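Below: one structure, written as structure tokens.
Coordinate-derived values only; no laboratory data. It should be emphasised that the depicted structure is a prediction, and the values quoted were computed from it without experimental measurement. No Cβ is skipped: glycine too gets one built from the backbone with ideal geometry, and neighbour counts run over all protein chains shown.
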Amino acid sequence: NLNKTYYNYSEIMTYLDYVQENARGVHVSQQVIGQSVKGRDLRVLKVSRSSNSAKKAIIIDGGIHAREWISLASVIWMMDKLVFNPRNDPDVKKLLKKFDFYLIPVLNPDGYEFSRTNDRLWRKNRRINSGSNCVGVDLNRNFDYKWNPNRGGSRNPCSTVYSGTRALSEPESAALASFINSLMGVDNGGRVQAYLNIHSYGQYWLYPWGFTTAYPVDRLDLDNLAQVAVTAIQKVNGKRFTVGSSRNVLYLAAGGSDDYAKGSAGVKYSYTLELRDTGAYGFVLPEKQILPACEETWAGVKAFALALAKS
Ligand code: 0X9
Ligand code: ZN
């Protein structure tokens, strides 16, 4: 049913265990990198060719924004393809020769559950903000590279883009930041080559920066691999994705995890993907579209990672 319905948090956790138990010929391990505000585990699933593998790494996360359900579904789909396909898919075989994959399907479990049970369009986490009746911090405004509520965030707890009282004030963003840093640190020799932060909607493949109109010095490298990805996406169902820097093709927004991964942690290929659609259904993408959306996203990610392997 992977491609037919949107799983809830506990179904996703059960699925992670299933993947780990049933993996054959690839190695799967799980790690808890922290807890949400309400104490839910933030899990990472590692897929590699062998145990204790310490190859170059690709980190992919979903569900940083609660209402963007297709983002979680796409990360789950990627796990499935990486773990259960290597025998049939020579590309996956190639990728696992070169990379370890770290997949985080639900970065904001409290917000996700709230969007399922109370408010379909909830975006933030579920932080109780002191001195306010409004709940939640926008985790994608809370990272500490050029954190600035005045640049596309907000100091108002009632705003959907509330940046928080300070950078990395939230356990969810702090957990991801320290996880990326741990894989980039001296013990790990800067292993992370790519970081993909998956969102919806709009059909974009974005690179830094979000906090300024200026481009990273290696903009062309980032642009080239993004072009490879969107070309592959278009071949699947004809969907066109726009490539560019967040600030220049979307809007100003400081404190994003993509800017953090590149600016603070030093991950060269850091991107934000905005999956389907372009507004017809927006965040409320029908379940009928899970399959085609996941297929095209996976084609893009695969083409990107294959190109990265050669770069
Ligand atoms: O605003 C966001 O956080 C992202 N768009 S969404 O509609 N899914 O909320 C875009 C983030 C782009 N990256 C940065 N601005 N750093
Ligand atoms: Zn988002």
query = Once phi is turned into θ = phi - 60°, what whole-Hz ³J(HN,Hα) does the Karplus curve with 6.51, -1.76 and 1.60 give for every residue of the range 215-228, x standing for Gly and Pro?
reply = 9, x, 4, 9, 3, 4, 4, 5, 5, 4, 5, 5, 5, 4
note = Within the under-13-Å Cβ sphere about Arg191, not counting Arg191, Lys/Arg +1 and Asp/Glu -1 give a net charge of +3
request  = Could you line up His65, His27 from fewest to most neighbouring Cβ atoms inside 10 Å?
outcome  = His27, His65
message = Tell me the net charge near Trp209. Cut-off is 11 Å between Cβ atoms, Trp209 excluded, with +1 for each Lys or Arg and -1 for each Asp or Glu.
response = +3
Positive-end extreme of charge dipole, the chain - chosen from Tyr269, Asn22, Leu121 (charges on Cβ) = Tyr269
request  = Provide the per-residue ³J(HN,Hα) series for the range 98-103, in order, calculated from phi with Karplus coefficients 6.51, -1.76, 1.60 and θ = phi - 60°, each as a whole number of Hz, with x at glycine and proline positions.
outcome  = 9, 10, 9, 9, 10, 10
query = Residue-wise, which Karplus ³J(HN,Hα) couplings in Hz belong to the range 153-168, taking 6.51 cos²θ - 1.76 cosθ + 1.60, θ = phi - 60°, and x for glycine or proline?
reply = x, 7, 8, 8, x, 7, 6, 6, 10, 4, 7, x, 6, 7, 4, 6
message = Give me the dipole magnitude in Debye, nearest 20, for the range 1-133 about the Cα centre, with unit charges on the beta carbon: positive for Lys and Arg, negative for Asp and Glu.
response = 380
Of all DSSP beta bridges in the range 9-310, antiparallel share, percent nearest 5 = 40
ask   = Magnitude of the Cβ-charge dipole of the range 9-310, K/R +1 and D/E -1, about the Cα centre, nearest 20 debye?
value = 460
note = Cβ-Cβ cut-off under 14 Å around Cys134, Lys and Arg +1, Asp and Glu -1: the net charge is +3
key: Alpha carbon Rg of the chain, scaled by the compact-globule rule 2.2 N^0.38 Å   = 0.91
query = Between Thr212 and Asn85, what length in nm is gained on full extension when 0.36 nm per residue of separation is reduced by their alpha carbon distance?
reply = 41.7 nm
ask   = In the chain, what cysteines have no partner Cβ closer than 4.7 Å?
value = Cys294
message = In the chain, once you exclude exposed trypsin sites (Lys or Arg not before Pro) (DSSP loop, at most 12 other Cβ within 10 angstrom), what's the longest stretch remaining?
response = 167-239
request  = Based on alpha-carbon positions alone, could you give the equivalent ellipsoid semi-axes of the range 169-255 from the gyration tensor, as √(5λ), descending, whole Å?
outcome  = 25, 16, 15
task = With a point put 7 Å past each Cα toward its Cβ, work out how far Lys55 is from Asp41 in nm, to one decimal.
result = 2.6
query = Under 12 Å from a point 7 Å along the Cα-to-Cβ line of Thr160: which residues of the range 200-236 have their amide N that close?
reply = 201
